[in-house]
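Worksheet: the structure to be examined is printed underneath.
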């Protein structure tokens, strides 16, 4: 019977697992990658179809994926089936856990927004007294961000704003459309900066582990990968305290297997990594594992219309394009009612305006839709959620998944800090829109349920003190030196930023550290 | 094909497959040949040469009659009237009635979670009751101006994922949205768009199940751990 010991076992194939595989194999280290789901092939697994040919006319199958607002009948089979992998929460505390287990994970589906954290996030406690500082700073991360931005081909513009650090950009020299220039002019007197969006262009529009990271790793000949295997538990050598084995189950057949490893790199996604560690009952001498669950508030915002673009008068010079309003609250002054801050995603549209923006029906609604076509302008919040001890996950002993693995119970809710932040974002958006001469069509102050942003972070936070953190500044377990957790679970604070660039930079940094430690024989 | 040619083709295929996998796969022992099916001819003979049939997507309910099963007759009559009002036919496009929306929503709501079902049934019942109270007739028999008095006060503008929370406001606005979507996503609407020289607007990439579980009867139940 084969019972090889692999040098590094990587669990997960998304952005963080892909980066670990690339860095480690390029340094000559052999890796085995396990992934809980199958390999998707758009040529084999997908087909262009009209909505009318689907069983539910393009409506979701009722009751399926009720927590995945992003799903529809076309893409329903790409998300994790909530009956196959259930999770629980108490009534009144809903959580939208949005998961992809395909090879490549959620790196296949993300918005491409590419931001660095600033020292307003890395050193947030020093700035406002809440929470904990990260054990690293922007200066520590800068060279890794630069290399990640080069791989992912991040387009952007240098703005020289401290809370919105510049990076290694493919220069965005596109001109502003007329409506965006009007927003810039309206926001300036309010002290609100309006900047170009920053976005990963990748290759052929795809900026994923499967096209930017894993091909390099496979090219070395040092990476092997097994899809469709679900890791049940990690084993530990009681003499050394090191992790030494991963027990997994074949997703399709239920066959139980295990693999020995010198080092284990956990990159299964924030909550799956923490679930695996909690089920394994390891690496938690601090007792904080599972705590400080964070994400970002989405869903609050406004939809508007640019009057001059109605009735077919919206020229390409007037309409189109997007912008990013980076955090501007709690930088030099103190906002009333909340700590930290939010950014606003701003888009103008040359297409249809959604029917729900009008309190009308029938012929009247059709007339409005025709008139407003091509005049849409929207603002949406991305707001920081504070890291609170009481927002946590644990193992639900009463519920198991399709392979008998105990499920995760998620216990989290937003507080007045988040609700007040959302209210400020909407009111400020309305003020800017009206100052720009736009008509506000609809508004919403209520954030979507926690989890909606698909930016779950924390639960294995990093820190210098093993008594108050799970990982050290290298994403290495304080308890088991050959265990690294390199996804979003290591975040100490969430920031308002899409976390992908930071996850990638951390994965690159910790993987290079691991390779060096292995070379020196320390791990 | 001569045996020698067959072996050469197999070798080439193996090399190509291994190259594509980055030489990661260990040599695979060929499986034992399956037992031939009983009968004079192997049952899969010739299948590999068959070209796909030119079957265009066709929604059965664009041709077939359907039996409604969920709503009561009275509720269905109210829903039909709501469909006529909220999504009437245009000059070149079908309305909700022509697109079979009342019958489709009867099916969709019939397999929906209970809270969604109750939203519709209570909402339709309320329209009926208010029409009788206010005009002395069934909602299905109201004139457009009369129905408007029962609908318009509840209309709201709202943002995606955040429909109004008041139960009747929710029903009126969600019904308005559902009736439009079901009309736009009908085969009748798509054909009308094509007839106008437009591409059908509702095309998208549909993902089939990818490696579904082999034991779905075991795998798809929310499992409670046995003590």
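The values are calculated or read from the model by the stated rules, or taken from the named source; none is laboratory data. All figures in this text were calculated on a predicted structure; none of them were measured in a lab. Cβ coordinates were reconstructed from backbone atoms using ideal geometry, including for glycine residues, and neighbour counts include every protein chain displayed.
Of the helices (runs of 4 or more DSSP H) entirely within the range A:120-203, those holding at least 2 residues that are over 23 Å from the mean Cα position of the chain (by Cα) occupy A:124-128, A:178-187.
Residue B:110 meets each of the listed conditions (1) over 29 Å from residue B:60 (Cα atoms); (2) in contact (Cβ under 8 Å) with a residue 12 or more places away in the chain; (3) within 30 Å of the chain's Cα centre (by Cα); (4) surrounded by fewer than 18 Cβ atoms within 10 Å (Cβ to Cβ) apart from (1). Would you call residue A:93 more than 14 Å from chain B (Cβ to nearest Cβ) and in a loop (DSSP other than H, G, I, E, B)? Against the criterion (more than 14 Å from chain B (Cβ to nearest Cβ) and in a loop (DSSP other than H, G, I, E, B)), residue A:93 qualifies. Taking the range A:104-116 as the range and being part of a loop (DSSP other than H, G, I, E, B), surrounded by fewer than 23 Cβ atoms within 10 Å (Cβ to Cβ) and within 14 Å of another protein chain (Cβ to nearest Cβ) as the test, only A:109 passes. Taking the criterion of being modelled with pLDDT of 95 or more, in contact with a strand residue (DSSP E or B) (Cβ under 6 Å, 6 or more places away or on another chain), surrounded by fewer than 20 Cβ atoms within 10 Å (Cβ to Cβ) and on the phi < 0 side of the Ramachandran plot, would at least one residue in the range A:260-273 satisfy it? So far as the range A:260-273 goes, yes, one or more of its residues are modelled with pLDDT of 95 or more, in contact with a strand residue (DSSP E or B) (Cβ under 6 Å, 6 or more places away or on another chain), surrounded by fewer than 20 Cβ atoms within 10 Å (Cβ to Cβ) and on the phi < 0 side of the Ramachandran plot. The residues of the range A:77-90 that are away from chain B (no Cβ under 12 Å) and touching a strand residue (DSSP E or B) at 6+ places or on another chain (Cβ under 6 Å) amount to a single one, A:89. Residue-level check: of (1) in contact with a helix residue (DSSP H, G or I) (Cβ under 7 Å, 6 or more places away or on another chain); (2) in a helix (DSSP H, G or I); (3) more than 17 Å from residue A:362 (Cα to Cα), residue B:107 misses just (1). Taken over the range A:221-256, residues that are over 15 Å from residue A:6 (Cβ atoms) and touching a helix residue (DSSP H, G or I) at 6+ places or on another chain (Cβ under 6 Å) amount to 1.
So, restricting to strands (runs of 3 or more DSSP E) that lie completely within the range A:405-523, which ones have at least 3 residues that are without any contact (Cβ under 8 Å) to a residue 60 or more places away in the chain and under 30 Å from residue A:255 (Cβ atoms)?
Details: elements: A:406-411, A:439-444, A:483-485.
Once the strands (runs of 3 or more DSSP E) in the range A:405-523 are filtered for at least 3 residues that are without any contact (Cβ under 8 Å) to a residue 60 or more places away in the chain and under 30 Å from residue A:255 (Cβ atoms), nothing remains.
Determine, yes or no, whether residue B:116 is within 28 Å of residue A:61 (Cβ to Cβ) and in contact (Cβ under 8 Å) with a residue 12 or more places away in the chain. Break it down stepwise before answering.
On the way: within 28 Å of residue A:61 (Cβ to Cβ): yes; in contact (Cβ under 8 Å) with a residue 12 or more places away in the chain: no.
So residue B:116 does not fit the description; no.
The set of residues from the range A:33-76 being buried (at least 20 other Cβ atoms within 10 Å of the Cβ), facing chain B (nearest Cβ under 10 Å) and under 30 Å from residue A:247 (Cβ atoms) comprises A:37, A:40.
Each row is one residue, and each column tells you yes or no for (1) out of contact with any strand residue (DSSP E or B) (no Cβ under 8 Å at 6 or more places or on another chain); (2) crowded, with 22+ Cβ neighbours inside 10 Å; (3) at pLDDT 95 or above; (4) closer than 30 Å to residue A:272 by Cα.
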{"residue": "A:328", "(1), (2), (3), (4)": "yes, yes, yes, no"}
{"residue": "A:331", "(1), (2), (3), (4)": "yes, no, yes, no"}
{"residue": "A:346", "(1), (2), (3), (4)": "no, yes, yes, no"}
{"residue": "A:349", "(1), (2), (3), (4)": "no, yes, yes, no"}
{"residue": "A:353", "(1), (2), (3), (4)": "no, yes, yes, no"}
{"residue": "A:373", "(1), (2), (3), (4)": "yes, no, yes, no"}
{"residue": "A:396", "(1), (2), (3), (4)": "no, no, yes, yes"}
{"residue": "A:406", "(1), (2), (3), (4)": "no, no, yes, yes"}
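Just need a number here: residues in the range A:337-386 that are in contact (Cβ under 8 Å) with a residue 60 or more places away in the chain and away from chain B (no Cβ under 14 Å). Even if it seems obvious, please write down each step before you answer.
Step one: list which residues in the range A:337-386 are in contact (Cβ under 8 Å) with a residue 60 or more places away in the chain, which gives A:337-346, A:348, A:353, A:356-358, A:371-386.
Still in the running and away from chain B (no Cβ under 14 Å): A:337-344, A:346, A:348, A:371, A:374-375, A:382-386.
Going through the range A:337-386 one residue at a time, the tally reaches 18.
Residue by residue, here is whether (1) at pLDDT 95 or above; (2) under 26 Å from the mean Cα position of the chain (by Cα); (3) surrounded by 15 or more Cβ atoms within 10 Å (Cβ to Cβ); (4) outside any helix (DSSP H, G or I) holds:
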| site | (1), (2), (3), (4) |
| --- | --- |
| B:147 | yes, no, yes, no |
| B:152 | yes, no, no, no |
| B:156 | yes, no, yes, yes |
| B:170 | yes, yes, yes, no |
| B:176 | yes, yes, yes, no |
| B:183 | yes, yes, yes, no |
| B:211 | no, yes, yes, yes |
| B:227 | no, no, no, yes |
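When the criteria are applied in full, residue B:164 meets the requirement of being within 12 Å of chain A (Cβ to nearest Cβ), assigned to a loop (DSSP other than H, G, I, E, B) and under 18 Å from residue B:86 (Cβ atoms). Note on the range B:62-101: residues that are within 13 Å of chain A (Cβ to nearest Cβ) and in a helix (DSSP H, G or I) amount to 8. If you go through the range A:233-277 and keep only what is within 14 Å of another protein chain (Cβ to nearest Cβ) and either without any contact (Cβ under 8 Å) to a residue 40 or more places away in the chain or part of a strand (DSSP E or B) (or both), you end up with A:249, A:250, A:252, A:253, A:255.
Against the conditions (1) in contact with a helix residue (DSSP H, G or I) (Cβ under 7 Å, 6 or more places away or on another chain); (2) within 14 Å of another protein chain (Cβ to nearest Cβ); (3) surrounded by fewer than 18 Cβ atoms within 10 Å (Cβ to Cβ); (4) in contact (Cβ under 8 Å) with a residue 24 or more places away in the chain, residue A:311 satisfies every one except (2).
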